[in-house]
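Novice: Structure incoming, see below.
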Amino acid sequence: MNKKGLFFVLGTALISGVSIFINKFGVGGIDSSIFTGAKNLVVAVFLFSLILLAKDFKKLKELSKRDIAKLFLIGVFGGSLPFLLFFKGLQLTSAAQGAFIHKTMFIWVGILALVFLKEKLSRGIVIGAILLLAGNFLLLKLGNFVFATGDLLILCATLLWGVETVISKQALKTLDSKIVAFGRMFFGSLIILAFLAVTNKLALVSALTSAHLPWILVTSIFLVGYVFTWYSGLKHIKAGVAASILLLGSVITTLLNLAFVDTVITPVQIVGMILVVAGIGSVVWFTTVLKKAQSIFSIAKAQ
């Protein structure tokens with residue numbers, strides 16, 4: 001396991017967990033598509049500035065038509081359509097069900113990576129998948145799960161993010177992670193702006209107040225950190241493994257709720273957290289631990 005890639009994706013999971021908690025407060029009273037479009041645009045500007053500071057603008061000018069096409073697809077499948085579907089779905093279903101469906105993304109990424117990237121599904125990943133699903137089911141307290149229209153929209157968004165992960169992994173073979181992150185947010189912003197124009201929602205921008213702007217800025221900073229660490233990590237480790245590690249974010253969000261919103265964590269949720277951590281451990285270290293155990297057993301047997 002590449003330690004650099006693992007470090008970055010663990011950072012993504014941490015940022016994700018905190019960001020989801022913060023976004024609960026920031027999105028209140030703002031049309032979700034306006035909120036998403038504003039954040040994406042701000043993040044695109046941030047990342048472009050980062051590219052200029054790193055003196056990587058030359059890499060943008062050297063992009064081929066094929067590279068631009070890949071970045072456009074990443075913007076479609078990752079930076080625009082799934083956001084619109086996800087937030088619309090959240091308006092129609094419970095937050096818990098939406099979060100659980102979103103957390104299945106690692107399954108779709110694993111399947112797509114197996115087919116298109118030839119990433120093998122090891123025993124550790126299979127065992128980890130079972131533990132992660134069970135852990136999140138318990139963590140989110142899903143007693144009576146009823147699949148409805150909102151859940152379908154969130155599932156579609158999750159599948160699109162899965163496709164985007166695989167496209168991004170392919171693009172990262174030749175492109176800098178900052179360029180891929182910028183492409184996602186730049187083209188994603190343009191598509192969302194087009195959607196707002198077609199649906200006559202651009203006028204809602206004028207409804208943004210001075211109280212909304214700090215939340216947009218704060219959540220945008222978290223999103224910059226998310227996309228930067230995510231693509232930096234994805235460049236170095238398998239897509240399926242990276243997507244699995246992201247599930248650690250749900251544990252972080254739950255702990256933040258406990259610390260700042262006085263949410264009571266039940267024993268069942270504690271078991272769920274343990275299963276999530278164990279699942280991530282299985283995905284990341286199962287093969288390494290198994291090999292060491294086999295080596296120790298072989299030495300002991302030889303003696």
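Coordinate-derived values only; no laboratory data. Just so it is clear, the model here is predicted, and its values are computed rather than measured. Heads up, the Cβs are rebuilt from the backbone with ideal geometry, glycines too, and the neighbour counts pull from every protein chain shown.
Novice: Projected area of the chain, taken from the Cα convex hull and averaged over every viewing direction, in nm²? Don't skip to the answer; put the middle values down first.
Specialist: Numbers: hull surface 74.5 nm².
Its average projected convex-hull area is 18.6 nm².
Novice: Answer rounded, prolate or oblate for the stretch 201-275, using the Cα gyration tensor with square roots of eigenvalues a ≥ b ≥ c: rounded when a/c is under 1.5, else prolate when a/b is larger than b/c, else oblate. Walk me through the numbers on the way to the answer.
Specialist: On the way: a/c = 2.99, a/b = 1.28, b/c = 2.33.
Verdict is oblate for the stretch 201-275.
Novice: Okay, next question. Suppose every Lys and Arg Cβ carries +1 and every Asp and Glu Cβ carries -1, with no other charges. What dipole size does the chain come out with about its Cα centre, to the nearest 20 debye? Walk me through the intermediate numbers first.
Specialist: On the way: 27 positive and 9 negative charges, 229 e Å.
Dipole about the Cα centre, nearest 20: 1100 debye.
Novice: With label points built 7 Å along Cα→Cβ from the Cα atoms of GLN91 and LYS61, find their separation and express it in nm.
Specialist: Going from the GLN91 label point to the LYS61 one covers 4.4 nm.
Novice: Could you point to the residue in TRP285, GLY162, VAL42 farthest towards the positive end of the chain's charge dipole, with +1 and -1 charges on the Cβ of Lys/Arg and Asp/Glu respectively?
Specialist: Farthest along the dipole direction, towards plus: TRP285.
Novice: Follow-up. Going highest first, how would you order 47-55, 166-174 by mean Cβ packing within 10 Å? Please report the intermediate quantities before stating the final value.
Specialist: Values: 47-55: 13.8, 166-174: 19.2.
Taking the mean over residues of other Cβ atoms within 10 Å, the ranking is 166-174, 47-55.
Novice: For CYS156, put the label point 7 Å out on the Cα→Cβ axis and report which residues of the stretch 74-90 keep their amide N under 15 Å from it.
Specialist: Only 77-78, 80-90 fall inside the zone, counting backbone N under 15 Å.
Novice: Continuing with the same structure: List, in the order given, every pair from LYS3/LYS235; LYS55/LYS169; LYS55/LYS178; LYS4/LYS238; LYS58/LYS178; LYS4/LYS178 whose Cα-Cα distance in the structure shown is over 19 Å. Write out the running numbers ahead of the final one.
Specialist: Details: LYS3/LYS235 12 Å; LYS55/LYS169 23 Å; LYS55/LYS178 12 Å; LYS4/LYS238 13 Å; LYS58/LYS178 13 Å; LYS4/LYS178 16 Å.
Violating the 19 Å limit, Cα to Cα: LYS55/LYS169.
Novice: Now a separate question. Can you give me the span-like helices of the chain, meaning DSSP H runs with 30 Å or more of Cα extent along the axis and Kyte-Doolittle mean at or above 0.0? Provide the component values of the computation, followed by the final result.
Specialist: On the way: long enough: 3-26 (34 Å, 1.13); 32-53 (31 Å, 1.90); 149-171 (33 Å, 1.02); 177-198 (32 Å, 1.86); 212-234 (32 Å, 1.28); 267-302 (45 Å, 1.33).
Helix filter hits for the chain: 3-26, 32-53, 149-171, 177-198, 212-234, 267-302.
Novice: Sticking with this one: Among ILE270, ALA203, LEU52, pick out the residue whose Cα is farthest towards the positive end of the charge dipole of the stretch 3-302, where Lys and Arg carry +1 and Asp and Glu carry -1 on C-beta, about the Cα centre.
Specialist: Checked the options; the winner is LEU52.
Novice: Continuing with this model, one more query. How much FRET efficiency would the formula 1/(1 + (r/R0)^6) give for VAL45 and ARG123, where r is the Cβ-Cβ distance and R0 is 45 Å, rounded to 0.05? Show your work: numbers first, answer last.
Specialist: On the way: r = 45 Å, r/R0 = 0.99.
Here the calculated transfer efficiency is 0.50.
Novice: A further question on this structure: Need the C-alpha centroid separation for the stretch 248-284 versus the stretch 1-65, integer Å.
Specialist: One Cα centre to the other: 24 Å.
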